[in-house]
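J.: Quick one: the structure is below, and I'll ask about it shortly.
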Amino acid sequence: MAEQLQQSMEFSRPIYVGEWRVYDIGAETLNSLFKEDIINEPSNKIKNKKPDALIVNSDKEIVVYVESKKDSEFSSKSKLDKAIKQELYVAKMIHAKIYIVRDSNMTVWINPKTGNEILDTHGNPIRREIRPKSEGEELEKLIKKILVSISENNDKLLKEETLDPSDLAKKVHQKLYVAKGISPSTALYTFVELFLFKYLSDLNLLKGIYSFEHLYSLYDLEGTDPLDVLKDYLSNNGAREQMKTLFVEGSDKTSIINGDVFHEEIGDAQVFKSILDIFKKYEEENGKFININRDFKSKLFESFLKEDLDSKKMGQFFTPLTIVDNMVRMISFKENMEVCDPACGVGKFLLEAIKNNIDDFYSFDKKSKEFKSKIKLTGYDKYSEDNGDKTIILAKANSLIYFSKMILSNPSKEFAKSFTQNFLNESFELKYSSLGSLEKKDTNKYDVILANPPYIVNGSRDIKKLASDYTWNGLGIESLFMEWIVDSLKPGGIANIVIPDGLLANEGNKNVRNQIKDSCYVKSIISLPNKAFFNTQKKTYILTLEKKKDKSVQTEPIFSYICSTIGESLDKNRFIENDNDLKDAVDNYNIWKNSDIQITSKIIEDRSNGRFKMLNPEKFLSSENWIIENEWSLEEKIQIGLVEKDNSISVDGFKSLLKETLSLIEEVQEDIKWIQ
């Protein structure tokens, strides 16, 4: 049987759709596919089943399970139902995300969790054929839409909401800036508070006298002064205090709100009303903030960054979403994992890591009134004079947006209390010491660490003096974070970190690189383009490490990739662009990991247009620096547009070219005379 598999071109060379593998199988059993390391081990009850095709992810999980039937088996509704049910239990037992049954004329897409057909946004059954070779990109987009839409309670594709926070954020910022002259970071702080006021009201968690609708209706009462409405909102029995009561402070004294932009004075009252007017008008045009799309959740804070004339301060809050999303995609998150970001900012790495699996990782038991987690998130950030407690408060506020569906299903004080206690205050913590999260190492604690740690901080030298437990003696604050990250990983744990080029190149960080080499396997180095970040032109890389379980020397090749584009413009506007080398890099990395590298490296070389190289670890990790661009020749750099071709010419060459040009002119002149 193994020989038969080896002879199959579809197995040795599957079709790749994004990071997924498409196998056209035919006669092989699930058990034989498991033995050939193509899928995870199936249950004994179904191990002899023979799927006709599979789409498999990099963790060998089955994304799509396909069964082919004779046309006669689809000739009537009853026969179609029977054909669907025939192997539905197999799709369920193998934990397939999608189940497809097809004949030569029809393709039926099924939600294995319900056994029902998957419907498009208009309620019509999806009938798209699977054509990975000719329509791979369209197939990938459809499957991804299905995966984020279907559940035990839903068979229909979710509509792509048109809500975009950019216009709303811009209007609120302009109003606050003109009226009060506050910075975008403070405006963001205020906007989030009022957004949560409206949002939690729409979700019915703020009810009655605490709701947005009630407060806004007070303006219509005869004789009402806007100052009275603001006083109502700020009072001990007002909506603001109710939000702080529902989502109580943690031990670090942070909640979902904590600002004091508005005061009980007539000028602030007028501004407050005008902002509530903006929210009300937005609702009239776009609807309530209930079914907020994923981009709204992710881009809400970035919208304010575009308004900042001095993005350096704001930039420390943000890693661009496209970088966060792709770094998250490089890791498989499972139940019982502990995931950490020691410099979490507004929490995007951690929240993006769970957003596709919130229903799987989290639940609320209505009987016991307890919010339960199957995965542990830990986000630290440091209190500073510039930022105060903003980042952690914004991280907690951001969490409410990601959990909108669960809040909508459980709009109660009991849910808010348990969610705050068991998620918000357990997941995000503000550190008040000078060292922040560096004050104490969490030795061998985390399965995954995702981070974009700071590398330019006021007082870095003073911080290093305080960090007496750190022995790697590298340059800058980034070397301390690197030591913290490696120490805090469990053996076998994975870290995905944004690092500056100095960590890979500077002589002063040579011992840091040696410590990394001794403690970890370097899985991947991805080069990001200049201006990948809002506030710096500093050259950066994504470094992927796996902490060693012993002192073995790395023999597995290193995945390296050079990116010139990241899917958005590399300027302040951050316009969405189709060119996205970073997505391609991560797709290829996910093909690379957990595979036969000798086979997949050739496939990736064909797909990468010269941007990928497989690096020999013995040679590369022993070199003076780890800048991967050094592994590309000048011609190769010119080919991928990393450097421009030198079109200069020598003096003798110029004389020769000039002589040829004059000769050509004389020939043309002779031709003209002949024609005349």
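J.: Being free of Cβ contacts under 8 Å to residues at least 60 places away in the same chain and assigned to a strand (DSSP E or B) is the filter; apply it to region 495-510 and report the residue that is surrounded by the most Cβ atoms within 10 Å (Cβ to Cβ).
T.: Residue satisfying both the conditions and the ranking: A495.
J.: Hey, can you tell me all the residues within region 429-456 that are out of contact with any Pro (no Cβ under 9 Å at 6 or more places or on another chain), in a loop (DSSP other than H, G, I, E, B) and not hydroxyl-bearing (S, T, Y)?
T.: Once the filter is applied, which keeps residues that are out of contact with any Pro (no Cβ under 9 Å at 6 or more places or on another chain), in a loop (DSSP other than H, G, I, E, B) and not hydroxyl-bearing (S, T, Y), region 429-456 yields L435, K440, K441, K445, N452, P454.
J.: When you look at K538, is it among the basic types (K, R) and part of a loop (DSSP other than H, G, I, E, B), yes or no?
T.: yes
J.: Now for a different question. Do you know which residues across region 416-441 are of a type outside the set (S, T, Y) and within 20 Å of F403 (Cβ to Cβ)?
T.: Start the filter on region 416-441 by keeping residues that are of a type outside the set (S, T, Y), which leaves 416-417, 419, 421-426, 428-431, 435-436, 438-441.
Answer for region 416-441, where residues must be of a type outside the set (S, T, Y) and within 20 Å of F403 (Cβ to Cβ): A416, K417, F419, Q421, N422, F423, L424, N425, E426, F428, E429.
Every residue, every condition in (1) free of Cβ contacts under 8 Å to residues at least 40 places away in the same chain; (2) of a type in the set (V, I, T); (3) in contact with a strand residue (DSSP E or B) (Cβ under 9 Å, 6 or more places away or on another chain); (4) within 25 Å of S595 (Cβ to Cβ), yes or no:
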{"site": "P51", "(1), (2), (3), (4)": "yes, no, yes, yes"}
{"site": "D59", "(1), (2), (3), (4)": "no, no, no, yes"}
{"site": "S68", "(1), (2), (3), (4)": "yes, no, yes, no"}
{"site": "L88", "(1), (2), (3), (4)": "yes, no, yes, no"}
{"site": "A91", "(1), (2), (3), (4)": "yes, no, yes, yes"}
{"site": "A96", "(1), (2), (3), (4)": "yes, no, yes, yes"}
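J.: From T107, T190, grab the single residue that is among the β-branched types (V, I, T) and outside the structural domain of F415 (by TED's automatic domain parsing).
T.: T107
J.: Check I566, I542, I597, I562 and return the single one that is touching a residue at least 24 places away in the same chain (Cβ under 8 Å) and under 23 Å from I39 (Cβ atoms).
T.: From the options I566, I542, I597, I562, the qualifying one is I597.
J.: May I pose another question? Going by what's in this entry, would I278 be described as of a type in the set (V, I, T), farther than 28 Å from S412 by Cβ and either in contact with a Pro (Cβ under 6 Å, 6 or more places away or on another chain) or touching a residue at least 12 places away in the same chain (Cβ under 8 Å) (or both)?
T.: Taking the combined requirement at face value, the residue satisfies it.
J.: Residue check: is I499 closer than 24 Å to D469 by Cβ and under 22 Å from the mean Cα position of the chain (by Cα)?
T.: Taking the combined requirement at face value, the residue satisfies it.
J.: Residue check: is Y362 more than 25 Å from L203 (Cβ to Cβ), touching a strand residue (DSSP E or B) at 6+ places or on another chain (Cβ under 8 Å) and in contact (Cβ under 8 Å) with a residue 40 or more places away in the chain?
T.: Here the answer is no, as Y362 does not meet what is asked.
J.: Still on this structure, please answer the following. Take E129 and tell me if it is surrounded by fewer than 18 Cβ atoms within 10 Å (Cβ to Cβ), in contact with a Ser or Thr (Cβ under 6 Å, 6 or more places away or on another chain) and modelled with pLDDT of 85 or more.
T.: yes
J.: Residues of region 396-418 being at pLDDT 90 or above and out of contact with any helix residue (DSSP H, G or I) (no Cβ under 8 Å at 6 or more places or on another chain), which ones?
T.: Hits for region 396-418 are N410, P411, S412, E414, S418.
J.: I would also like to ask the following. Could you list, in sequence order, the residues of region 176-203 that are farther than 22 Å from I392 by Cα and surrounded by 19 or more Cβ atoms within 10 Å (Cβ to Cβ)? Even if it seems obvious, please write down each step before you answer.
T.: Filtering region 176-203 down to residues farther than 22 Å from I392 by Cα leaves 176-181, 201-203.
Correct list: L176, S201, D202, L203.
J.: With the checklist (1) surrounded by 15 or more Cβ atoms within 10 Å (Cβ to Cβ); (2) modelled with pLDDT under 85 in hand, flag the one item L657 doesn't pass.
T.: If we test L657 against (1) surrounded by 15 or more Cβ atoms within 10 Å (Cβ to Cβ); (2) modelled with pLDDT under 85, just (1) comes out false.
J.: If a residue has to be touching a Ser or Thr at 6+ places or on another chain (Cβ under 6 Å), farther than 12 Å from S427 by Cα and either assigned to a loop (DSSP other than H, G, I, E, B) or at pLDDT 95 or above (or both) to count, how many in region 318-345 make the cut?
T.: The qualifying residues number 1.
J.: Consider region 356-394. How many of its residues are of a type outside the set (A, V, I, L, M, F, W, C), part of a helix (DSSP H, G or I) and surrounded by 19 or more Cβ atoms within 10 Å (Cβ to Cβ)?
T.: So in region 356-394, the residues of a type outside the set (A, V, I, L, M, F, W, C) come out as 356-357, 359-360, 362-363, 365-370, 372-374, 376, 378-391.
Pick out the ones that are also part of a helix (DSSP H, G or I) and you get 356-357, 359-360, 390-391.
Filter once more, so that each one left must be surrounded by 19 or more Cβ atoms within 10 Å (Cβ to Cβ): 390-391.
Result for region 356-394: 2.
J.: Do you know which residues across region 204-213 are surrounded by fewer than 18 Cβ atoms within 10 Å (Cβ to Cβ) and closer than 16 Å to K281 by Cα?
T.: Once the filter is applied, which keeps residues that are surrounded by fewer than 18 Cβ atoms within 10 Å (Cβ to Cβ) and closer than 16 Å to K281 by Cα, region 204-213 yields only E213.
J.: Could you please find all residues in region 80-117 being surrounded by fewer than 20 Cβ atoms within 10 Å (Cβ to Cβ), among the polar types (S, T, N, Q) and within 31 Å of the chain's Cα centre (by Cα)?
T.: Across region 80-117, the qualifying residues are T114, N116.
J.: Being assigned to a helix (DSSP H, G or I) and among the hydroxyl-bearing types (S, T, Y) is the filter; apply it to region 573-614 and report the residue that is nearest to the chain's Cα centre (by Cα). Give the steps one after another, and end with the answer.
T.: Keep residues of region 573-614 that are assigned to a helix (DSSP H, G or I), which gives 581-592, 597-607.
Next, only the ones that are among the hydroxyl-bearing types (S, T, Y) stay: 589, 600-601.
Details: Y589: 15, T600: 25, S601: 25 Å.
By that ranking, first place goes to Y589.
J.: Next question. How about region 543-567: which of its residues are among the hydrophobic types (A, V, I, L, M, F, W, C), farther than 16 Å from V486 by Cβ and either in a strand (DSSP E or B) or outside the structural domain of P454 (by TED's automatic domain parsing) (or both)?
T.: Hits for region 543-567 are I558, F559, I562.
J.: Can you name every residue in region 546-564 that is farther than 22 Å from Y446 by Cβ, touching an Asp or Glu at 6+ places or on another chain (Cβ under 9 Å) and surrounded by fewer than 20 Cβ atoms within 10 Å (Cβ to Cβ)?
T.: The answer is V553, T555, S564.
J.: Right, here's the next one. Taking the condition of being within 11 Å of I110 (Cβ to Cβ) and among the hydroxyl-bearing types (S, T, Y), how many residues in region 64-97 meet it?
T.: 1
The values are calculated or read from the model by the stated rules, or taken from the named source; none is laboratory data. Keep in mind that what you see is a predicted model, and the values were worked out from it rather than measured. Glycine also receives a Cβ, built like all others from the backbone with ideal geometry; neighbour counts cover every protein chain displayed.
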